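Please read the structure below before turning to the comments.
What follows draws every value from the coordinates through simple rules; no lab data is involved. What you see is a predicted model; the values in this text were computed from it and never measured. We place every Cβ from the backbone using ideal geometry, glycine too, and count neighbours over all the protein chains shown.
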C-alpha cells in the first residue's frame, strides 16, 4: 500500500492537470455545442505568448519593456498568467466570428473550420517562434524538487495541481453561482427564450468562446514547464481533452472533472505497474464506460433513451 | 510466358519513361522526411541537410551530367504515412531513390515499399539496431550509428564504474525494443541485472509515474531508449526532479535538434555520431556551409548536428556512388556502396568509416558525451568524453539476423 500511495497521489495530480486542459473545451462543447478542434493550438499559443513575455524581449514598447524587465520574476510570471490568456482571447474573438456562419448547420462545418484554424495557428507559431523547443521560466518558489517519504517530488507539479483545483472552483462558481452563469446555461438550454428576454445571444456565445479560449491558453502556460514548449504541443492536449468530455458526458462540468481524475489515475497507476498500457488504459476506460453508459458518466439522457 | 510477363511489367512499371530519357532527364529523389509528429523537429533538420547536399552537387554540374531534383512529403512520424508517401513517390513521381527516416517504424515501412519496387532507400537517421539486422534489405543502407553501437560504447564502462543493477526505460516501438534487447544482453553478459524494463508508449508526455517507480526500485543505472519528443519530455522531467545525478543515466543517442532549445535538460552520458565543435579538419568549414544554406530559414538550428550530418553524408555518398558506378542503375549503385570505405578526414570524424556488405550498416566513430559544464559559446552544449572505433562497437549479431536477397531478386531500375 505504501508503494501504491505515491502513484495514487501522482494520478490525482495528473488528473487535475487534465481537468484544467479539458475545462475550456468542455465549456464550449457544453454551452455552445461546438467542438473546438483549435483548442490544442490555442493551448500552445498561450504557452508561446507567455514565453515571449517572460523572455528577454517582451512584445512591448521600449520604455514599457524596460519597466517590465525590472519587475521581479515572480511578478512577471504572475502578470503573464493574465496577459497571455487575454492576448489569446483576442484571437478567440476572430475564430468565433468566423464560426458564426456555421451555427445551426451541420456540425461538420464547425469541425472543419476549427481544424483549419488549428493548422493555421500551429504554422503561425512555427513562423514566429521557429520549430525549436523552448522552456518556460518559472519563479524559483515553484520550481525544483522536495523530498517526501524517501521520494523526490516536483514542486511545480503540486503548484500546477493546486492552480488547476483553484481554476476548477472558480469556473464552477462562475457557472453555478453567478447571474452570468445562469444566462450562459439558459442560452445553451433554450436560445429562443433567452433571445425573447432581450439578451444578445451572439455576444453571449462570443463571451463563452473567448472564455474557453482563455482557459485553453491558461492551461498551456501551466502545462508548459511539464511538457515543454514546441509548436505541435497542442496535439498532446486536444486528444485527452476530447476523450475526457466524452467519458464524463458532453456538457457536464463535474463529468469532465471526474473523468479527468479517472484518466489521471489510469495513466498514473498503469505507468507504474503496467507501463506499456499507460496510454492505452485511457481508451480502454473510455470503451468500458461508453459500453455501459453511451452518454458518458454524467451526460444528460438522450431523447432517444426516454 | 514468364519473359512476356516480365516485359509487360517492365513496360508498365514506374520507370518506363526513365529508360527512354535516362541521359537527359533529371535524377529525381524522394525525400521521406518527418515534418511533424514525434520526430518532426529532427526530420526537418535532416531535410535541410539533404537539400544542402543536393544543391552543392547541382552547383558542381549535377550527377553524371544530370541535374538532381527532389520531391518531399511529411511522413508524420507514422509508419502508415511512410508507406503511403513511399508508394506515391515511386509509382507516381518516378523516384527510384528515397532518402530519409528518423522513426525506425517509418523506416521499416518505407523499406517494404522500396524493396517491392527495387528503389534504393537511404535510411539516414533511424537508429534501431533492427534496421541493419532483421529488417535489413538489399536496397537499403543505414547511415546513423545504431542503439547497439552506442550502448556497446557505454555499457562496459558504466558496469565497472557505476554498478550492476539496471533499469531500462524503453519507448514501445522498434527502436526502443531492439536497443533495449542489446542493452539487456550486454548487461547480463557482464554479470549485471536488469531490475525492470519499463515500456513507455509513444507520445507519453508525463513521466512522473516512471520516475517515482525508478526511485522506488533504486537502480544504479537507468538506460533509456527513447525517441524524439518523448525523450525531450523525459529529460526535462528528470532535471526538474533533480534525478540527473543519481541514479546514473545512459542515453544511446541525443539527437541535436532535440537538444537545441533545451540544453539544460541534458543529463547523464549519451552518444552521438558527430559534433560541430570537433577539432578536426573540415568541421568549421562544414558549419559555415550549413549556415549559408539555412540563411533566411527561421526554423533551422544555426549549427549542424548529428541528424543533419547523417542526412548530408548519406546523400553525398549516394552521388559519389553513382559517379563511381558511372550509372544510375540501382544494382550498380548498390554494389558501389557495399564495401565502401570512407576516410575519417573525408567524414570529419576520428576514425575511418565503412559499410558492412552483410548488413548495409555504416559503421562509424561513436562519441560519448555529457552536458558541457563550460560551454565556449551558446551552441556548445556537448562535452565530448570519448570516441570509439567502429570495429569495437559494431553489432556482431547483426550479420546473423540480416538476410539480404540476392541481386537477381531485386527489380532492376534506373533513376
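In terms of Cα atoms, the Rg and Dmax of segment A:5-305 work out to 19.6, 63 Å. If you take the alpha carbon atoms of the protein assembly as shown and fit the smallest convex hull around them, that volume is 191 Å³ per residue. For chain B, the relative contact order is 19 percent, taking Cα pairs closer than 8 Å that sit 6 or more residues apart in sequence and dividing their mean separation by the residue count. Mind giving me the FRET efficiency for residue B:403 and residue B:338? R0 is 22 Å, r the Cβ-Cβ distance, nearest 0.05 is fine. Plugging the Cβ-Cβ distance into 1/(1 + (r/R0)^6) gives 0.90. Residues of segment B:233-272 with amide nitrogen under 17 Å from the 7 Å Cα-to-Cβ point of residue A:150? From segment B:233-272, the list is B:247.
Taking the C-alpha atoms only, the angle from helix B:283-293 to the longest principal axis of chain B is near 60 degrees. Ratio of Rg to Rh for chain B: 0.98 [Cα atoms; Kirkwood radius as inverse mean 1/r over pairs]. Residues of segment A:234-258 with backbone nitrogen within less than 20 Å of a virtual label 7 Å along the Cα-to-Cβ line of residue A:201, please, listed as ranges. Output list for this probe position: A:251. By the count of neighbouring beta-carbon atoms within 10 Å, fewest first, B:324, B:235, B:48 end up ordered B:324, B:48, B:235. Inter-chain neighbour count for A:264-273: the average number of beta-carbon atoms from partner chains within 10 Å of each residue's beta-carbon is 4.
Spin-label model, residue A:186 to residue A:165: label points 7 Å out along the Cα-to-beta-carbon direction sit 3.5 nm apart. Per the Kirkwood formula applied to alpha carbons, segment B:348-393 shows a radius of gyration over Rh ratio, Rg over Rh, of 1.13. The simple Förster model, with R0 at 41 Å and r as the Cβ-Cβ distance, assigns residue B:346 and residue B:91 a FRET efficiency of 0.70. Among B:210, B:121, B:309, the largest mean-square fluctuation in a Gaussian network model of chain B, built with springs joining Cα atoms closer than 10 Å, belongs to B:210. Applying D = kT/(6 pi eta Rh) to segment A:118-270, where Rh is the Kirkwood radius over alpha-carbon pairs, T corresponds to 37 °C and eta to 0.692 mPa s, the Stokes-Einstein value obtained is 180 µm²/s. Calculated mean residue ellipticity, 222 nm, chain A: -24500 deg cm²/dmol, from DSSP H runs (n ≥ 4) at -39500 (n - 2.57) each, averaged per residue and rounded to 500. Shape class for segment B:169-244, computed from the alpha carbon gyration tensor (a ≥ b ≥ c): oblate, with a/c not under 1.5 and a/b at or below b/c. Taking only Cα atoms and a 10 Å spring cutoff, compute GNM fluctuations for chain B and point out the largest among B:327, B:223, B:24. Top of the fluctuation ranking is B:24. Taking every DSSP helix (H) stretch of at least 4 residues in chain B, weighting each as -39,500 (n - 2.57) and dividing the sum by the residue count yields a mean residue ellipticity at 222 nm of -12500 deg cm²/dmol. With the simple spin-label model, which puts each label point 7 Å out from Cα in the Cβ direction, the residue A:293 to residue B:358 separation comes to 6.1 nm. Here the residues B:315, B:328, ranked from fewest to most Cβ neighbours within 10 Å of their Cβ, fall in the order B:328, B:315.
Diffusion of segment A:256-303 by Stokes-Einstein, at 25 °C in a medium of 0.890 mPa s and with Rh set to the Kirkwood radius over alpha-carbon pairs, works out to 216 µm²/s. Computed from the C-beta positions of residue A:176 and residue A:97, the FRET efficiency with R₀ = 35 Å rounds to 0.75. Against chain B, whose longest principal axis is taken from its Cα atoms, helix B:40-59 shows a tilt of about 40°. Normalising the Debye intensity of segment B:299-415 to I(0), with uniform scatterers on Cα atoms only, and taking log10 at q = 0.15 Å⁻¹ returns -0.83. Remark: spin-label model distance residue B:285-residue A:276 equals 5.0 nm, labels positioned 7 Å along the Cα→Cβ axis. Across segment B:122-220, Cα-Cα pairs more than 23 Å apart make up 33 percent of the total.
Taken over the C-alpha atoms, segment B:23-127 has Rg and Dmax values of 13.1, 40 angstrom. Here's the picture: a label point sits 7 Å out from the Cα of residue A:57 along the beta-carbon direction, and within segment B:368-390 the residues with their amide nitrogen under 19 Å of it are B:378-379.
Between the helical axis of B:174-189 and the longest alpha-carbon principal axis of chain B there is an angle of about 50 degrees. Compute the distance from the alpha-carbon center of segment B:319-395 to that of segment B:67-127, in whole Å. The two parts, judged by their Cα centres, are 21 Å apart. Each peptide among B:363-373, A:261-271, B:236-246 gets the average number of other Cβ atoms lying within 10 Å of its residues, and from highest to lowest they stand as A:261-271, B:363-373, B:236-246. Counting, for every residue in B:36-43, the Cβ atoms of other protein chains within 10 Å of its Cβ and taking the mean gives 3. Peptide B:210-220 has a mean of 4 when you count, residue by residue, the C-beta atoms of other protein chains within 10 Å of its C-beta.
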